[in-house]
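The values are calculated or read from the model by the stated rules, or taken from the named source; none is laboratory data. Values in this document were obtained by computation on a predicted structure and should not be read as measured data. Please note: Cβ atoms are built from the backbone with ideal geometry, for glycine as well, and neighbour counts cover all protein chains shown.
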């Protein structure tokens with residue numbers, strides 16, 4: 001395995017959009033080196049798992065796949081097994097005690113060294129994690145250009161790491177402190193993607209609102225990206241409530257390419273819990289930001305993240321979260337029960353809540369939010385929306401699907417004359433909690 005010629009690799013990604021982006025960059029590197037990507041691990045010369053550490057359940061899923069691949073490696077000792085990303089950073093060489101068949105353990109900032117390590121003959125437990133090397137990097141490999149097909153939508157990282165240290169969150173420990181990319185590098189990457197047919201860009205960061213490069217802040221960056229030809233839609237994630245600004249909302253409203261879509265994690269409606277989470281705002285401040293955003297962007301589609309069962313959360317605290325989502329009326333929410341992460345500040349908080357209580361509250365929250373989301377979506381029935389067609393429906397291959405400007409999935413039962421990449425006007429005919437259905441006009 002001195003080079004990638006005729007070699008086959010299998011890559012499985014777990015977790016967030018940043019992991020998906022990192023996997024795309026690593027795929028570009030491997031393809032450029034002559035490797036071939038395959039869809040199943042059985043015939044691979046190299047198996048890569050890009051891992052997530054944000055919740056215990058995510059790590060458990062990865063470990064199960066690693067053990068399956070270890071069995072393959074026992075049958076084929078020449079096969080290489082690489083574990084990269086956030087779980088690799090957190091667990092480090094301890095992973096070798098669990099699974100000695102792993103050849104490479106690379107944290108997020110060293111994942112792009114994998115082709116080099118293979119070429120140089122590293123094997124049998126090569127471990128490179130930033131917390132040990134004291135070297136959190138600004139990463140976009142020079143050798144990575146958009147080689148692998150991106151389709152019509154693509155991610156572009158504008159920063160790495162985070163310095164907010166929310167008490168429940170492992171991200172600052174595994175992805176390091178905030179490092180911003182240069183504006184010129186970001187714009188060059190977007191130009192490349194646009195020249196390869198990408199129409200929609202999603203700018204990524206753990207907290208995009210903290211972005212700066214000299215005098216250029218995140219709102220300025222949005223405006224600059226919008227000037228690039230052939231990019232017709234711009235999205236971004238994730239924003240932090242303590243850092244959103246009226247300038248950002250006005251840039252969104254004044255820039256046609258920027259979609260009316262804001263993902264703003266609230267996490268809890270209880271001020272007491274928000275303080276324990278070290279979120280840096282209270283519910284009143286969050287609500288005020290939403291009021292300003294909706295006044296400036298009347299068609300805003302608002303989504304959020306919510307955690308239930310944070311240590312010491314009472315029934316009253318939980319009820320405040322239910323009341324908050326009723327008042328705000330989010331269009332969608334990603335809802336999770338609290339997962340204890342080693343090394344975080346929340347780990348030290350005495351916790352008497354049982355899993356049974358957490359699951360019961362999560363189910364109540366999901367039921368309530370789905371009713372609210374369905375009501376919001378049904379308000380769109382009979383209205384016209386702009387849809388970027390991005391693929392075929394998973395449930396019915398004869399139907400196309402796409403996203404409206406708010407980021408909602410739209411199913412198009414009548415697909416005659418429609419092609420992936422088209423931007424079409426659609427009249428919504430039906431809606432449920434997650435999906436819109438409509439006819440091409």
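For the stretch 26-53, a residue qualifies if it is out of contact with any strand residue (DSSP E or B) (no Cβ under 9 Å at 6 or more places or on another chain) and either closer than 17 Å to residue 104 by Cα or buried (at least 19 other Cβ atoms within 10 Å of the Cβ) (or both), and the qualifying residues are 28, 29.
Scanning the stretch 380-414 for residues that are touching a residue at least 24 places away in the same chain (Cβ under 8 Å) and part of a loop (DSSP other than H, G, I, E, B) yields 380, 381, 382, 383, 405, 406, 407, 408, 413, 414.
When residue 287 is tested against (1) part of a helix (DSSP H, G or I); (2) closer than 24 Å to residue 344 by Cα, only condition (2) is not met.
Given the structure, is residue 186 surrounded by 20 or more Cβ atoms within 10 Å (Cβ to Cβ), in contact with a strand residue (DSSP E or B) (Cβ under 9 Å, 6 or more places away or on another chain) and closer than 18 Å to residue 388 by Cα? No; evaluated as a whole, the condition is false for this residue. Restricting attention to the stretch 320-359, the residues that are touching a strand residue (DSSP E or B) at 6+ places or on another chain (Cβ under 8 Å), under 18 Å from residue 303 (Cα atoms) and in a helix (DSSP H, G or I) total 3. For the stretch 370-389, the condition of being farther than 19 Å from residue 263 by Cβ and at pLDDT below 95 holds for none of the residues. Among the residues of the stretch 309-319, just one is touching a strand residue (DSSP E or B) at 6+ places or on another chain (Cβ under 9 Å) and on the phi > 0 side of the Ramachandran plot, namely 309.
Condition test on residue 50, is it closer than 30 Å to residue 309 by Cβ, out of contact with any helix residue (DSSP H, G or I) (no Cβ under 6 Å at 6 or more places or on another chain) and either outside the structural domain of residue 120 (by TED's automatic domain parsing) or outside any loop (DSSP other than H, G, I, E, B) (or both)? When the stated conditions are applied, residue 50 does not pass them.
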